Amino acid sequence: MAKCSLCGAPAVAEVRYARLRLCREHFLEFVERKVERAVREHHMIRRGEKVVAAISGGKDSATLAGVLARLRERLGFGLVLAHIDLGIGEYSVRSRRASERLADELGLPLLVLSVEELLGDGVPRLAMKARRPACSVCGIVKRYLLNALAIEARADRVATGHNADDIAAYALKAFLTQNLEDLRKQKPATPSIEGLAVSRVKPLYSVYEKESYLYALLRGLPFYHEECPHARLTSLDFHLKEMINKLESRHPGIKLQLVRGLARNADRYPGEDWEPVPCRHCGLISYGGECSFCRLTSRVKGEPLGGKVRGKIRSLIEGSHI
Amino acid sequence: MARVTVRMLPGGETRTVEAERVSDLIRSLGLDDESYVILRDGKPLLPGDRLRDGETIVVVRVLSGG
Ligand SMILES: [Zn+2]
Ligand SMILES: [Zn+2]
């Protein structure tokens, strides 16, 4: 049995790029310090701010909420959790349950937004009606609802659980396809735009996917570890993750170098030419006057639903402790 | 050499593998150490740990798909 490099207790994790073997306590501390460093270095959260952590019910959400819950006193910020129930059958039922258990375990307030309740259809049916891939509809709906929720709750930040593997794969894809604007989007913190969009931050951007799984597991946090039925293990994104990890096995630390480098350099890549303007239907961020959520709902539901959905979210918030 | 039952997650597929240590198990399944966590009774094992004959080991793919 291997021993912890710091205290000699039995090791449960090996961090090859740092040449460390760590016991449970020291591993948890290692991940928490890594996140704290990232949050401070990129000014992701300032004292007195209100943070909405978006949680899906998976391991990254558990780690995100678990670490932020521990950092919130030292850094002095308020924390609430938000879960979007996508209406993807059993997968969504279990994800929602895991999110509720996580909130209970951490003693944090949770707001659940159900796509079915808000729009009358879950993501798969919306996608079918829109004749678009489920994952692209899912992306539009999630992004919109989280931003609307954060605006209505007067939050300063939306934190998401993107880990280093997600970001490295996304960055490599952006490079391979030469969509260099996508590299710029991988900033650990984007600024708020008054009344239009709330700042988005990625506190786990330097935490490896394996570290994120181990953190949630070793802290005993509730999470649901199944694949969304729409995810494809044959996708380019998944192959890129595997490829980067094969490289990481032979060159420990290369993934960390990529995500930390990108965090510093993201602004040096080209940005969009479009200036953000309020959506003429709902007032939230759009490029060109109509947001992608209002465009999607016009097509599927016969009318742009952004404004109505914002109203429903506002009354949900008023009836909660958030 | 230990003969172990391996349960793969997510999915739950099982198979039998002969290996001495966790690192041999990972190699014989054609996996890489960065993308998988190996568990015995819910506790993570390290590559150098020895396997026990007849035990059941859980291999978790930690990478989520795209
Ligand atoms: Zn230790
Ligand atoms: Zn709109």
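If I take every Cα pair under 8 Å that is 6 or more residues apart in chain A, average their sequence separation and divide by the length, what percent do I get for the relative contact order?
20 percent
Expressed as a whole number of Å, what is the distance separating the alpha-carbon centroids of the stretch B:1-45 and the stretch A:252-307?
41 Å
So what is the orientation-averaged projected area of the stretch A:92-201, using the convex hull of its C-alpha atoms, in nm²?
8.7 nm²
Count, for each residue of A:8-15, the Cβ atoms from other chains sitting within 10 Å of its Cβ, then give me the mean as a whole number.
For this peptide, the per-residue mean of nearby foreign Cβ atoms is 2.
How fast does the stretch A:163-322 diffuse by Stokes-Einstein, in µm²/s, taking the Kirkwood radius from C-alpha pairs at 25 °C and 0.890 mPa s?
The Stokes-Einstein estimate is 132 µm²/s.
With unit charges on the beta carbon (Lys/Arg positive, Asp/Glu negative), name the residue among A:122, A:230, A:188 whose Cα is farthest towards the positive pole of the charge dipole of the protein assembly as shown.
A:188
Pop a pseudo-label 7 angstrom from the Cα along the beta-carbon direction at both residue A:312 and residue A:47 and give the gap in nm to one decimal.
4.1 nm
Largest first, how would A:40, A:16 line up by accessible area (1.4 Å probe)?
Reading off the accessible areas and sorting them downward yields A:40, A:16.
For the protein assembly as shown, just run the numbers: alpha carbon Rg, then divide by 2.2 N^0.38 Å, N being how many residues it has.
The reported ratio for this selection is 1.01.
Within 10 Å of each Cβ of A:212-218, how many other protein chain Cβ atoms are there on average?
Neighbouring Cβ atoms belonging to other protein chains average 3 per residue here.
Calculate I(q)/I(0) for the stretch A:41-271 by the Debye formula, one identical point scatterer on each C-alpha and no solvent, and give its log10 at q = 0.10, 0.14 Å⁻¹ to two decimals.
With no solvent term, the Cα-only Debye profile gives -0.46, -0.96.
At 15 Å minimum axial length over the Cα atoms and a Kyte-Doolittle cut of -0.5, report the qualifying DSSP H helices in chain A, or say none.
Helix filter hits for chain A: A:59-75, A:134-152, A:164-176, A:254-265, A:306-318.
So who's got an amide H within less than 5 Å of the one on residue A:11, skipping anything under 5 residues away but keeping other chains? H placed 1.01 Å off N, in plane.
The list, which skips near neighbours in sequence, is A:2, A:3, A:4.
Binning at 10 angstrom from zero up to the longest distance, how are the C-alpha pair distances of the stretch A:149-237 distributed in percent?
For the stretch A:149-237, the pair-distance distribution reads 14, 34, 38, 14, 0.
If eta is 1.002 mPa s and T is 20 °C, what Stokes-Einstein diffusion coefficient results for the stretch B:2-61, Kirkwood Rh from Cα pairs, in µm²/s?
D, rounded to a whole number, is 193 µm²/s.
Can you order the peptides A:125-133, A:264-272 by their average number of other Cβ atoms within 10 Å per residue, highest first?
Those peptides, ordered most packed to least, come out A:125-133, A:264-272.
Determine the relative contact order of the stretch B:2-61: mean sequence separation of Cα pairs under 8 Å and six or more apart, normalised by residue count, in whole percent.
47 percent
Just to make sure I understand: if all protein chains stay in place, what is the order of A:225, A:281 by accessible area at 1.4 Å, largest first?
So the residues, ranked largest to smallest area, are A:281, A:225.
The values are calculated or read from the model by the stated rules, or taken from the named source; none is laboratory data. What you see is a predicted model, and the numbers here were worked out from it, not measured in a lab. Please note: Cβ atoms are built from the backbone with ideal geometry, for glycine as well, and neighbour counts cover all protein chains shown. With ligands, DNA and RNA removed, areas are computed over all heavy atoms of the protein, side chains included. Shrake-Rupley method; radii C 1.70, N 1.55, O 1.52, S 1.80 Å.
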